[in-house]
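Derivation of every value follows stated rules applied to the coordinates shown; laboratory data play no part. Nothing here was measured: the structure is a model prediction, and the numbers come from that model. Cβ placement follows ideal geometry from the backbone for every residue including glycine, while neighbour counts extend to all protein chains displayed.
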Amino acid sequence: MRTVYRYIDDLSVSGIPIYGTTGVGYQLHENFELPPLNLTEQELDALLLGVRMVSSWTGDELSNSANTLAKKIEAVLPNQLRDDYSDVVFAPDINHRKKDRKNWQALHQAIKNLKMVEIDYRALDGCYSSRLLYPLGLVYWGGKWTLAAWCTERRGYRNFRIDRILEMSISTQQFEPTKKINLQAYLNEVNKDESY
């Protein structure tokens, strides 16, 4: 109860016209509206480019969320900025790569749920391999998405380009990150050896 009262006080102090009425509870003043986003044109470019990149270059679930976010941003822009805005920054769409989008989505879920992944993979040199992986993160290297993973066969960190995954299945088996096997340890390894 004290937490609720504290939040109400914080809102009031910050200028939100909220008041309490006996028998009714707390209410906002009926004419209150949140102020429009005060973005510069460059900030809007940056924000919309980021939203478009997520929409174009990830899986369907995150892409749909990015599209609804773009609509919410547009809805709260001041009229003048919305009317005068000249969109000059674009993120090419990769919707034609449906398999990559599907794999990205499945890997994203596997990472969040700590599920092991089995892949059939074709490396750049043409060699094929099958791997059982602990998926740790999805990394965009300015042109290609890669899966950062712990390879159980090689007992080490490996990167796998998503567009080179031939077949993939998400295991029902979970893995537990350890001090040695986790995304931060992978990133430390990459930073230590730039040729990784």
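Packing around the peptides 40-50, 143-153, taken as the average count of other Cβ atoms within 10 Å per residue, puts them in this order, highest first: 143-153, 40-50.
Packing, as the average of other Cβ atoms within 10 Å across residues, places the peptides 120-126, 18-24 in the order 120-126, 18-24, highest first. Taking a sphere under 11 Å around the Cβ of THR146 and counting the other residues whose Cβ falls inside, with K and R at +1 and D and E at -1, yields a net charge of +3.
Model label sites at ASN64 and TYR85, defined 7 Å from Cα along the beta-carbon direction, differ in position by 2.3 nm.
Across the alpha-carbon set of the chain, the Rg to Rh ratio works out to 1.13, Rh being the Kirkwood radius.
Treating r as the C-beta distance of ARG154 and LYS112 and R0 as 22 Å, the FRET efficiency rounds to 0.35. A cut-off under 12 angstrom between Cβ atoms defines the neighbours of TYR128, and their net charge, with Lys, Arg +1 and Asp, Glu -1, is 0. The packing ranking, built from the mean of other Cβ atoms within 10 Å per residue, places the peptides 99-111, 159-171, 68-80 in the order 99-111, 159-171, 68-80, highest first. Sorted ascending by nearby beta carbons within 10 Å, beginning with the fewest, VAL139, VAL54, VAL117 become VAL139, VAL54, VAL117.
If R0 is 25 Å, the Cβ-Cβ spacing of LEU11 and LEU49 corresponds to a FRET efficiency of close to 0.15.
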